[in-house]
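Read through the structure below, which is laid out as structure tokens, and then see the notes.
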Amino acid sequence: MNNKIWIAITDDFELKGEGLGSVYELQYKPSLSFMNLLDDHGIKASFFLETMQQRSFLNYSKKNKSIKNESSLWEKTVKTIIDKKFDIQLHIHPQWFRSSYDGKYWELDKRWDITKYKTEEIDEIITGSVSLLEEKFGKKVVAFRAGSWAAGPPSKTLLKTLEKNRIKIDSSVVYGVRYNGEAAKVNYGNLPCPYYPYYPDYDDVRKISKITTPVVEIPVQAMGRNNINYSTIEKIKLRIDDRLNKLKCRHPSNLDYTKLPSHIPQDPFGFAKENKEELTFTLSSEHNIITLKKMIDFVIKKQLERNQERSFVILANHTKDLQRKSQFTKLKKFIQYIQNKYKNSVQFVTIRDMANNLSLINPIVKL
């Protein structure tokens, strides 16, 4: 029997980390186009809803009409996601906690890493957000992703709080993500289990537990840059595409931060100083179609090497970054590539499907 690889496409449904952007431009429009593309290929994805944003909107809805409209459109979009039979789960950017709005800009907390908050704050952030989603939309939350991928260490309070809320899957760890900024510090450079589900050590989510745990870590797929070899022709195509992208890019993140309030960080992750990030499998990135194909080939090869009856793979996306028609064209080609080349071994599912079938896999535990 062929190995069956379950792939969950997940989307971080959010505004920019600094609180910039509109629901219409960064969430409503691109999410509809994204869902239509997936529907055309018979795929349902999981939307990780950044819920602290909406909680902040609700706090200001009675004071500000524009924020009330933003809040209403956010809710309308989520209901559309559910009506179209897509999945919703929990995503948290903790900097929205106790945020304030001056009528034009949001002032958020300087801590973008949820593990840097107090125990009672983490509980209020996660438990309150779970309650909002479950009570408003009637969907049990079974999976979580930390904003900025930041899940520790220290990880114990976060994982214990997820366990308290009966969340089965954390999908925050991404091999190769490393940054040392003022807002968050993350180092996923050396992971013992970068590609497969594992039981996380509650003290350090990057490590494998010695015992089974209620929360299973399913990493977002990524790979080292040295794992890809390009032919001479491919290298030329990559250079051409890179130049074309720079010419036509209308990315909403191209902002002049010198014209924004001083409380909005210009380089929260310290990327201006140093960026060692590997190739994260983010579908909305500027990766060329050649690179995306090579990446999925690598990912599927890794899953087949483990020789499991069932394998779980999680890919990430950010609808806020899908702002050009060419990006959707590239995604269409990528999905068609997977469905044609791996039709006998790959099935697209939601992360909820994975949570409901954890017994089909063998998460790694340190012996």
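Within the stretch 175-199, name every residue whose backbone N is under 18 Å away from a label modeled 7 Å from Cα of Asn307 along the Cβ vector.
In the stretch 175-199, the label zone of Asn307 (backbone N under 18 Å from the point 7 Å along Cα→Cβ) covers 196.
Considering only C-alpha atoms, what is the centroid distance from the stretch 8-64 to the stretch 120-134, in Å?
Value for the Cα centre distance between the two parts: 18 Å.
For the stretch 48-59, what does the Karplus curve 6.51 cos²θ - 1.76 cosθ + 1.60, with θ = phi - 60°, yield as ³J(HN,Hα) per residue in whole Hz, taken in order and with x for Gly and Pro?
Karplus values, whole Hz, x for Gly and Pro: 7, 7, 6, 8, 5, 4, 5, 5, 5, 4, 5, 5.
Amide H to amide H under 5 Å from Ala222: which residues, 5+ apart in sequence or cross-chain, H placed 1.01 Å off N in plane?
Here Tyr175, Phe281 satisfy the definition.
Could you grab the relative contact order for the chain? Cα pairs under 8 Å, six or more apart, rounded to a whole percent.
Here the relative contact order equals 26 percent.
Can you give the extra length, in nm with one decimal, that the chain gains between Glu25 and Asp83 once fully stretched, where that is 0.36 nm per residue apart less the Cα-Cα distance?
Between Glu25 and Asp83, full extension yields 18.8 nm more.
Distances over 19 Å make up what percent of all Cα-Cα pairs in the stretch 107-198?
Pairs farther apart than 19 Å: 43 percent.
Taking +1 at the Cβ of each Lys and Arg and -1 at the Cβ of each Asp and Glu, which of Ala8, Gln53, Asn190 sits farthest along the dipole of the stretch 4-360 towards its positive end, judged by Cα position relative to the Cα centre?
In the stretch 4-360, that residue is Ala8.
Just to compare against my own numbers: the Cα pair-distance distribution for the stretch 142-195, 5 Å bins, whole % per bin, please.
Using 5 Å bins, I get a P(r) of 5, 19, 28, 25, 16, 8, 1 for the stretch 142-195.
Treating the Cα atoms of the stretch 291-340 as identical point scatterers in vacuum, please give the log10 of the normalised Debye intensity I(q)/I(0) at q = 0.14 Å⁻¹, two decimals.
For the requested q values the scattering log ratios are -0.45.
Evaluate the charge dipole of the chain about its Cα centre and quote only its size in Debye, nearest 20, assuming +1 on the Cβ of each Lys and Arg and -1 on the Cβ of each Asp and Glu.
Roughly 860 debye for the chain.
Starting from the amide H of Gly189, placed 1.01 Å from N in the peptide plane, find each other amide H under 5 Å away whose residue is 5 or more places distant or on another chain.
The answer is Gly176.
At 7 Å along Cα-to-Cβ for each site, give me the label-to-label distance between Glu134 and Ile236 in nm.
In this crude spin-label approximation the distance works out to 5.9 nm.
If you work out Rg and Dmax of the Cα atoms in Å from the coordinates, which of (1) 28.8, 92; (2) 23.0, 72; (3) 19.7, 60 do you get?
(3)
Tell me which residues come under 5 Å, amide H to amide H, from Val349 once H is placed; ignore anything under 5 positions away on its chain.
Excluding prolines and chain starts, which carry no amide H, the hits are Ile7, Ala8, Ile9.
How large is Rg over Rh for the stretch 46-160, taking Rg from the Cα atoms and Rh as the Kirkwood inverse mean of 1/r across Cα pairs?
Answer for the stretch 46-160: 0.97.
If I histogram all Cα-Cα distances within the stretch 59-115 using bins 10 Å wide from 0, what percent of pairs lands in each bin?
20, 37, 35, 7
FYI, it's all coordinate maths here, none of it is from the lab. All values derive from a computational prediction rather than experimental measurement. When we count neighbours, we look across all protein chains shown, and the Cβ atoms used for this are built from the backbone with ideal geometry, even at glycine.
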